[in-house]
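S.K.: Following this message is one structure expressed as structure tokens.
Any read-out appearing in this document is the output of simple, stated calculations on the displayed coordinates, not a laboratory observation. Just so we're clear, the structure is a prediction, and the values are computed from it rather than from any experiment.
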Amino acid sequence: MNKDENHSDTCMDEPVLYGPDLIGKHGFWTILKEDYAANNRRWAEPGFRAVAVHRFGTWRKVIKFSPLRKVMGLLYYLMNHRVRTVYGIELHDTAKVGRRLVIAHQGGIVIHRHATIGDDCMIRQCVTIGAGATYDISEAPVLGSRVTLGAGSVVIGPVQLGDDTKVGPNAVVQTHIKPGSTVFAPASRVITMPKPKPAPTPVQDVE
């Protein structure tokens, strides 16, 4: 994974900004260029396109001219609908996403509309970041910075994943995770079935 050299001056303890605050401070194009570099500089990658549409949806909220903001809102809706239906990536502009988010693959990715994702995180295919029952903001997961979610992993409910957490493939997280932890799913079991016994030879009646 390539990272933009321009972010090397980012202080590790600098507070993470999200949404309009992030765009307002650093600018839409600066944040988008960082995302582009983090996603291997491939414009055609579905993951980058999903992130770019999210950034666009966030940027249009800082537009002060109301008619233009409404037009950009309609354009965002159309692009987001395409990302969801074509790429299978559900990422709403209401989610709080930090800098340089990497979505490594596509398909089956669902992110709670009020989820919080820190800087330099990676999400792989078939990942769910969601709530148990509602879209309420209090039910949304919070991911720290540099969190990696493996393929098929699930993060459910109002849980917090600390910085530098790694979640392995198919693992289910339903509790708070301390920074620097690694979460694995239980290992697969190999079950050897007994060989079927041969059917008994039928006994013929002898007269």
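S.K.: Count of lysine pairs in segment 1-134 with Cα atoms under 14 Å apart, counting only pairs 8 or more residues apart in sequence or on different chains? It would help to have the intermediate numbers written out before the result.
M.R.: On the way: K3/K33; K25/K61; K61/K70; K61/K96.
Lysine pairs meeting both conditions in segment 1-134 amount to 4.
S.K.: Highest GNM mean-square fluctuation, the chain, Cα pairs closer than 10 Å: which of P196, P186, P46?
M.R.: Ranking P196, P186, P46 by mean-square fluctuation puts P196 first.
S.K.: Beyond 22 Å, what percent of the Cα pairs of segment 14-183 remain?
M.R.: Summing the P(r) tail past 22 Å for segment 14-183 gives 39 percent.
S.K.: So, in Å, what gap is there between the alpha-carbon centers of segment 85-124 and segment 23-70?
M.R.: Distance between centres, Cα-based: 13 Å.
S.K.: Evaluate the relative contact order of the chain (contact order divided by residue number), counting alpha-carbon pairs under 8 angstrom at least 6 apart; express in whole percent.
M.R.: Computed value for the chain: 12 percent relative contact order.
S.K.: Rank V83, V97, V190 by mean-square fluctuation in a GNM of the chain with C-alpha springs under 10 angstrom and give only the top-ranked residue.
M.R.: V190
S.K.: Let me ask another. Just tell me which lysines come within less than 19 Å, Cα to Cα, of K178; anything on the same chain fewer than 8 places away is out.
M.R.: K166
S.K.: How large is log10 I(q)/I(0) at q = 0.19 Å⁻¹ when the Debye formula is applied to the Cα atoms of segment 133-207, each weighted equally and without solvent?
M.R.: Reported log10 I(q)/I(0), two decimals: -0.81.
S.K.: In vacuo Debye scattering of segment 76-166, one point per C-alpha: log10 I(q)/I(0) at q = 0.10, 0.16, 0.24, 0.25 Å⁻¹?
M.R.: Rounded to two decimals, the profile gives -0.22, -0.57, -1.31, -1.41.
S.K.: Starting from the Cα gyration tensor of segment 117-162, take the square roots of the eigenvalues, sort them a ≥ b ≥ c, and report rounded, prolate or oblate (rounded when a/c is under 1.5, otherwise prolate if a/b is larger than b/c, else oblate).
M.R.: The shape class here is oblate.
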